[in-house]
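Step one of this worksheet: look at the structure below.
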Amino acid sequence: MEWKIKLSAEPQNRTVNLAYTMQKFQDWFTQQWVILSGRKFNPVNENWLMGPFGELNGIGEEFIGQLAEKEHLSIKRNCYSKGLLESIKQLNLIDDELINLSQKVIGFYEKTSNYELAFKVKWNPFFKFFGFIVNRLFSKRINQLNIPLKNNNHEKLSSEIIQLTDKNTDKVKYTVWLRKSENTGHVIYSGIYGTCTLPSNQTCIKAIFPLPKGNATVIMKPSVGKDKELILDSSGKRFGDAGFYFLLNDSKGNYWAKFIGSFTDRLIIGESEENLLAKQTLNLWNIKAVEFNYKINCTQ
């Protein structure tokens, strides 16, 4: 479906692209906002940005089965000694950074399935209402991003690495990191993790969170701090930088992307005497909206 609007100032018709109409209004409205304020892109030319899109129904864990069926992949669950990265060398850190990076942090990224997590949430009171709106309109329905709305003590998360592999070669195509609240069973994060190379040739970690007919993609630039910690930062300035992107596929099959420069994600993960500690800070308009503190323990 498309609308054609004739403007008196222009001799030709201008086509207005539309999101899929047969879906929840809040999903359609968000997608239409991406179309009107974002940019159309070519998935071949902008392959650094591309990743799997969700369907209109079934995100959360259901998406894993849908993606495997769509792309004829095998699902391997509860993978032992598997990580978000096959090797830390995939980040293409400079030699000095790679040498200085904590071996415990490297172990976590290469063997993520061997670790258990607990997290604590601390909201900025001025942004808690925003979290409430996201929770009511999206999170519970799509079973994704069910972030607690109350500040809490450390709450345990179940953490599972799921690999989607080629049925013929057994080669891993997608690595899914599924994290749920052990108290409620709700999905906190269900994302596909890997790396990408930006147009600037900077290698980044990429996390893809499926949404109806699209996804939310977070691209984070890696660096190593003075205390051997890994720092992942999404605070880019423009399209093509590290940052937060909404992607979608419209009713005509066109691809659209919206770079959200006002929203940034910064994760710092380093070692302590007994375990790993991580702090994740989400900022909106350069103001801290919510902070997560993680305790990460090796179980092997």
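Of all the numbered requirements in (1) touching a strand residue (DSSP E or B) at 6+ places or on another chain (Cβ under 9 Å); (2) charged (D, E, K, R); (3) farther than 22 Å from THR195 by Cα, ASP96 misses one, and that requirement is (3). The numbered conditions (1) part of a strand (DSSP E or B); (2) in contact (Cβ under 8 Å) with a residue 24 or more places away in the chain; (3) surrounded by 15 or more Cβ atoms within 10 Å (Cβ to Cβ) are all true for THR281 except (2).
Consider PHE292 carefully, then state whether it is of a type in the set (Phe, Trp, Tyr), farther than 18 Å from PHE108 by Cβ and either surrounded by 20 or more Cβ atoms within 10 Å (Cβ to Cβ) or in contact with a Phe, Trp or Tyr (Cβ under 8 Å, 6 or more places away or on another chain) (or both). The answer is no for PHE292. Pairing each residue of region 160-179 that is over 17 Å from GLU110 (Cβ atoms) with any residue that is among the hydroxyl-bearing types (Ser, Thr, Tyr) and at pLDDT below 95, provided the two are 6+ apart or on different chains, yields C-beta distances under 7 Å for LEU178/SER190; ARG179/SER158; ARG179/SER159; ARG179/TYR189. Applying the criterion of being in contact with a helix residue (DSSP H, G or I) (Cβ under 6 Å, 6 or more places away or on another chain) and part of a helix (DSSP H, G or I) to the residues of region 54-108, the residue that is surrounded by the most Cβ atoms within 10 Å (Cβ to Cβ) is ILE88. In region 220-234, which residues are within 26 Å of PHE41 (Cα to Cα) and in contact (Cβ under 8 Å) with a residue 40 or more places away in the chain? Scanning region 220-234 gives MET220, PRO222. For region 236-250, state whether one or more residues are in contact with a Ser or Thr (Cβ under 9 Å, 6 or more places away or on another chain) and among the basic types (Lys, Arg). No, there is no match, as no residue in region 236-250 is in contact with a Ser or Thr (Cβ under 9 Å, 6 or more places away or on another chain) and among the basic types (Lys, Arg). Strands (runs of 3 or more DSSP E) fully within region 127-216 that include at least 1 residues being modelled with pLDDT under 90 and in contact with a helix residue (DSSP H, G or I) (Cβ under 6 Å, 6 or more places away or on another chain): 203-211.
Within region 251-274, being more than 30 Å from GLY38 (Cα to Cα), assigned to a loop (DSSP other than H, G, I, E, B) and either of a type in the set (Asp, Glu) or at pLDDT 90 or above (or both) holds for GLU273, GLU274.
Scan region 166-190 for residues that are crowded, with 17+ Cβ neighbours inside 10 Å and more than 27 Å from ASN297 (Cβ to Cβ) and the total you get is 1.
The values are calculated or read from the model by the stated rules, or taken from the named source; none is laboratory data. Note that the coordinates shown come from a computational prediction; the quantities given were computed from them, not determined experimentally. Heads up, the Cβs are rebuilt from the backbone with ideal geometry, glycines too, and the neighbour counts pull from every protein chain shown.
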